[in-house]
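Peer 1: Take this structure first; my questions come after.
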Amino acid sequence: MRLLLPFRSLLLLLLRVLKRKTVKILAKASGLSVKEIGSIERAQVKKVTDEDVEKIVAALGYSKAKVVIVTAFLEALSYDDDPTADPEVIADQELYIAECGRRLRARLRAPGVPPASEYPSPREVELDRLEAGESWDRLSKEAKTLSDMMIVVRFGREYQRWAFIERLCEESERAASKDPRRALDLAIVAVRVARHLEAWEPWRVRLLGFAVAHLANALRVRNRLAAADRTLAAAQRLCAAGLDPDRLLDPGRLLDLEASLRRAQRRFAESIDLLEKATPLTHRPEHVALKMAFTLDAMGEYRQAIRILVKVGPRIERHPERRLKSVQRFNLAVALSHVGRHKSAGRLLPILRRLINGDEQDRIRFRWLEGRIDAGLGRTEEALKALDEARRGFQHHGLGYDLALSLLETAAIRLERGEYAEVQRLTEELAPFFEKNGVQEEAVKALRLFEQAVARQAATAEMARLLLAWMFRAQHDPGLVFTPPVGF
C-alpha cells in the first residue's frame, strides 16, 4: 500500500503535464485549491480520494470514459499489497479495465478503419465460416437445451467468433418453419455471444444488431408480433450504429426479416416493397425470391407467385442448398394447382419425390400434394387414398391446419359422390382437434359452420372448395375474416 499513494500522485502529475496545464489553471477548473493540488502531486496528503482523482482528470479535459478507466485502474492497484483482497474481485476488476480500454481504443480509431486483429480480413472469411460450421456441428451434438448451449458457448472459445454468430442466425431462421422454440433458443444464444464478443466495437455492435434481428424473427414465428416489432426496431438501431465495412453480413437481411414481420401483420404492400429493396442488396437472392412468391401466395396472387417461382428456378438449380430446390418446386406445384393447372403441377411430382429428404413431415405434405393434384385431374380413388394417408400423418404430428386442408380436400370429393355420412363422421371426429392444434379462431368458426351444413345435408362440394380456398389464404393471413355465402 505504501507505493500506491506516490503512484496516484505521479499519475496525476503526469496527466497534468501532458495537457500542459499549470497548477493554478487546474485549481480553477477543478474547484480544488493550488495548495491541495500541490500536496496531492507531491504525495504530501494522507489519502488521495477517488473524488479528487475524478475532479482533476475531468478538469484536465479527459472524457468520462477515461476518468472511469483511470479510477478503476488505481482501485485495482490498491489490491496488490492487500493480503485480504479477494482474488476473484481482482480478476473481475482487471477484466473490466481491459474491456474499458478496448472500447475506448475502438472509439478513438478513425470511423470505418478497424484493426486487423478485430475485424476479419478477406482471406480469413471463408476459413472462419468453415470453422463456424464445425463448431455448429459440435454444439448441436453436445447441447440440446438453451441452458446447455449457454454454458457451452460461454466457456468454449471456439464459439466466441463472428462467423459462429452468423451461423447461429442462419440455423435459427432455418428452424423457424418447423421448430419455433428451437429458432428462439438459437437466436438467444446468438445474441449472448454477440454481447460478449471481443472485437472492434462498431463491428461487434453490427453483429449484435444482426443477432437481435433474428431474435425478432423467432418471436414472429411464435406469433408474438408486438414483441417482434419492438425487437426488430432495436436491431435496426444497433445495425445503424455499427459498421461492417466489407459487408460480410448479408446487407439485405434486415429488410428480408422485416418483410416477414409485415406479412404476418397483414401489411402486404409494405412486405413486397421491403423485399424489392432487399433484392439488389442481399447475399441470398434466391431466398428473397421465394419469400416474395410466398407473400404473393398469401395475398391470393397465385399467377404472380408462379412467375417468380419459374424465374428463380434456374438459379435455385445451381444453388448448393438442396432444400431450396424442394421448396421451390413444392410451392410452384401448389400455386399451379390453385389456378387449375394440375397437369403442369403433376409434372413436378417425380422430381420433387427425389428431392424430398428424410423429414417425415415433408413426406406427409408431399403425399397431400399428390392427393390434391389427383383430385384436380379427376383421379378420385387415388386422391382419396393419398389424402387419407396425409390426414393420418397430420393428425399424428398435431398439424391442425394441414389436417383441416386435407379434410376439406377429401370432403369436396366425397360430397360430389353424395357420401354425406362419411363427411359427417370426419368433421365430427376432427373438428375438436383443430381447436387444440394451431388453427386460429376464425378458421375454427368457419369449420364449425361447414360441420353444421354437413349435418343438415346442406353442404356441397362447391362449399368445401370455397372454404378450402379461404383456408389457404387464412393460413398466412390470420386476420382474414370468413364471410359465408348464402346457404352456408
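The values are calculated or read from the model by the stated rules, or taken from the named source; none is laboratory data. Only a predicted model underlies this, so the values are computations on that prediction, with no experimental measurement involved. Virtual Cβ from ideal backbone geometry, glycine too; neighbours counted across all protein chains shown. Heads up: the accessible areas ignore ligands, DNA and RNA and are worked out on the full protein's heavy atoms, side chains in. Shrake-Rupley method; radii C 1.70, N 1.55, O 1.52, S 1.80 Å.
Peer 1: Mind telling me which of the residues 129, 102 ends up being surrounded by 13 or more Cβ atoms within 10 Å (Cβ to Cβ), at pLDDT below 90 and of a type in the set (D, E, K, R)?
Peer 2: Going through 129, 102 in turn, the sole match is 102.
Peer 1: Can you pull out every residue in the stretch 37-62 that is open to solvent by 80 Å² or more (accessible area, probe 1.4 Å) and either within 48 Å of the chain's Cα centre (by Cα) or at pLDDT 85 or above (or both)?
Peer 2: Of the residues in the stretch 37-62, the ones open to solvent by 80 Å² or more (accessible area, probe 1.4 Å) are 42, 44, 46-47, 51, 54.
The answer is 51, 54.
Peer 1: I've got another one for you. Considering only helices (runs of 4 or more DSSP H) fully contained in the stretch 232-343, which possess at least 1 residues that are open to solvent by less than 20 Å² (accessible area, probe 1.4 Å), in contact (Cβ under 8 Å) with a residue 24 or more places away in the chain and more than 23 Å from residue 221 (Cα to Cα)?
Peer 2: Of the helices (runs of 4 or more DSSP H) lying wholly inside the stretch 232-343, those with at least 1 residues that are open to solvent by less than 20 Å² (accessible area, probe 1.4 Å), in contact (Cβ under 8 Å) with a residue 24 or more places away in the chain and more than 23 Å from residue 221 (Cα to Cα) span 302-317, 322-338.
Peer 1: Keeping to the stretch 150-162, report how many residues are surrounded by fewer than 22 Cβ atoms within 10 Å (Cβ to Cβ) and at pLDDT 95 or above.
Peer 2: Residues flagged as surrounded by fewer than 22 Cβ atoms within 10 Å (Cβ to Cβ) and at pLDDT 95 or above within the stretch 150-162 amount to 0.
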